[in-house]
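Encoded as structure tokens, the structure appears first; notes follow it.
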């Protein structure tokens, strides 16, 4: 009845972790076994597939790391591009300023570009 559901939930908490609980596969197996012995088919399914859950967890962790790495690379690329764009803009402004001066525009009409 309710006891096998409580045992099942404890098994899930120990398998996946929760606030106040550390992951403990052995404890999870113990609680799933108790729940399965009391007739909980979900607990039995968890016992049958417990290694699959660990592999899924590992795959999700690795995927999350790749997502974080790609964000870092994208941020770095964006920052480098922004810096390069400001350098190009300054060089372009110098060329424009020089052309305007050659055409006879007064100096005070130009932005001070360094």
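See the values below:
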read-out	value
Single residue of 47, 92, 57, 65 found to be more than 24 Å from residue 4 (Cβ to Cβ) and at pLDDT 85 or above	65
Given (1) touching a residue at least 24 places away in the same chain (Cβ under 8 Å); (2) in contact with a helix residue (DSSP H, G or I) (Cβ under 6 Å, 6 or more places away or on another chain), number of the condition residue 24 does not satisfy	(1)
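The values are calculated or read from the model by the stated rules, or taken from the named source; none is laboratory data. None of these values were measured; they are calculated from a predicted model. Positions of Cβ are backbone-derived with ideal geometry, glycine not excepted, and every protein chain shown enters the neighbour counts.
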